[in-house]
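Following: one structure in structure tokens, then a few remarks.
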Amino acid sequence: MKSKRSEIINALKAADGKAISGEDLGRELGISRTMVCKYIKSLRDDNYEILSAPKKGYVLKSVPKLLYPDEILSGLKTTLFGKNIVYYEEANSSNDIAKKDALAAEEGTIVVVEQQTGGRGRLGRRWASPKGGIWFSTILKPRISLEKTSRLTLTFGLSVVKTIRMYGIDAKIKWPNDVLINGKKVSGILTEVEAEVDAVEFVVIGIGINVNMSLKDIPEDLRENSTTLRDETGKTFDRVEFLQKLLYEMEQDYIRFSTQPFSDIINEIVSLSDTIGKDVTVTMPNRIVSGVVVGISKTGALLLKRNDGAVEEIIAGRCLYSKK
Ligand code: BTN
């Protein structure tokens, strides 16, 4: 739901550098001029640069470059994803906060953290999360069985890839859910689930994207084979706009996931796959297999042609490309 604060921001943005009086703002929003004054003060406290032009009104000069909920909400085109936003400038891990709040939270709530001090990756690894990236978790309550949750991760990997590609960048998916640019990882997804025997209670989809930062901002031991959007393009991205686009893609893909055969999503993943045709080694809890990837099945499993010629379906595992 849009707050009065974000409605004021929208109205000031729509004025496009022209002054808008407190009286007009109040009328537009159905609040008193005194309340308008209070909201303007609280926006200034949060580093919105708002000038008061005598006898004319307020002019928005600049907005803070942070992922403030009001900023995300103003211009967000979704109805579910991000309709509630929990925001921290610093926290241990957005997934931890989301898991703690998930039972009481509405589906589609997101937790956004500007800087994570204990960011977590898959398989117990650390995830470097300095300022400048996008680190957030989405709480979902799908009516699916436990074994189908990995399909959600694949689906949202696709959403991330498509969003990056909107900026003219050739992003691809490395099975199961890494996002690569020029063979280097720019984003990862950590999905965590709470489930009864056969029904999922909630799923937390944690997404990390290396955006306006350089590899130098990441500890040396976590840099291997990684990259950032800024390092790849030399540009600085509007993270609010990026997150708005991503949440929209995620919502569209979640609707497709819930209403259409999963094979439709798989076909798109296959067309943007970096992994098909690669020589790989896949590590599973009880064994390691090597071979060449010949496809991704309709259920999202990796189709690996082993060195003995047999094709094996691998549902989950850590996939490493073999060095040439
Ligand atoms: C991986 O590729 O290993 C998954 C990385 C997932 C990182 C994100 S950042 C937001 C969310 N919070 C975390 O602690 N981890 C995920």
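Looking at A98, A104, A91, which is the one that is of a type in the set (A, V, I, L, M, F, W, C), more than 15 Å from V240 (Cα to Cα) and without any contact (Cβ under 8 Å) to a residue 12 or more places away in the chain? Spell out the reasoning first.
Working: A98 fails: without any contact (Cβ under 8 Å) to a residue 12 or more places away in the chain; A91 fails: without any contact (Cβ under 8 Å) to a residue 12 or more places away in the chain.
None of the other options fit; the residue is A104.
Among residues belonging to the stretch 211-269 that are free of Cβ contacts under 8 Å to residues at least 60 places away in the same chain and of a type in the set (G, A, S), point out the one that is farthest from V63 (Cα to Cα).
If we take residues in the stretch 211-269 being free of Cβ contacts under 8 Å to residues at least 60 places away in the same chain and of a type in the set (G, A, S), then S263 is farthest from V63 (Cα to Cα).
Looking only at the stretch 47-56, decide whether some residue is within 25 Å of the chain's Cα centre (by Cα) and within 30 Å of V211 (Cβ to Cβ). It would help to see each step written out before you state the result.
In the first step, residues of the stretch 47-56 are kept if they are within 25 Å of the chain's Cα centre (by Cα); the result is 47-48.
This time we only want the ones that are within 30 Å of V211 (Cβ to Cβ), so: 47-48.
Within the stretch 47-56, one or more residues are within 25 Å of the chain's Cα centre (by Cα) and within 30 Å of V211 (Cβ to Cβ).
Among the residues of the stretch 62-103, how many are among the hydroxyl-bearing types (S, T, Y) and within 16 Å of the ligand (Cβ to nearest atom)? Before you say what the answer is, go through the steps one by one.
Keep residues of the stretch 62-103 that are among the hydroxyl-bearing types (S, T, Y), which gives 62, 68, 74, 78-79, 87-88, 93-94.
From what's left, within 16 Å of the ligand (Cβ to nearest atom): 87-88, 93-94.
Going through the stretch 62-103 one residue at a time, the tally reaches 4.
Among the helices (runs of 4 or more DSSP H) contained in the stretch 1-113, which hold 2 or more residues that are surrounded by fewer than 21 Cβ atoms within 10 Å (Cβ to Cβ)? Please lay out each step first, then the result.
On the way: elements: 4-14, 22-29, 33-45, 69-73, 94-101.
Ranges flagged: 4-14, 22-29, 33-45, 94-101.
Given the conditions (1) buried (at least 17 other Cβ atoms within 10 Å of the Cβ); (2) of a type in the set (S, T, N, Q); (3) at pLDDT below 95, and given that S145 satisfies all but one, which numbered condition is not satisfied?
Answer for S145: the failing condition is (1).
Just to check your reading of the model, which residue among D178, D198 is surrounded by fewer than 14 Cβ atoms within 10 Å (Cβ to Cβ) and in contact with a helix residue (DSSP H, G or I) (Cβ under 8 Å, 6 or more places away or on another chain)? Break it down into steps so the answer makes sense when it comes.
Numbers: D178 fails: surrounded by fewer than 14 Cβ atoms within 10 Å (Cβ to Cβ).
D198 is the lone residue from the list that is surrounded by fewer than 14 Cβ atoms within 10 Å (Cβ to Cβ) and in contact with a helix residue (DSSP H, G or I) (Cβ under 8 Å, 6 or more places away or on another chain).
The values are calculated or read from the model by the stated rules, or taken from the named source; none is laboratory data. Bear in mind that the values here come from a model prediction, so they are computed numbers and not experimental data. Positions of Cβ are generated from backbone atoms using ideal geometry, with glycine treated the same way; all protein chains shown enter the neighbour counts.
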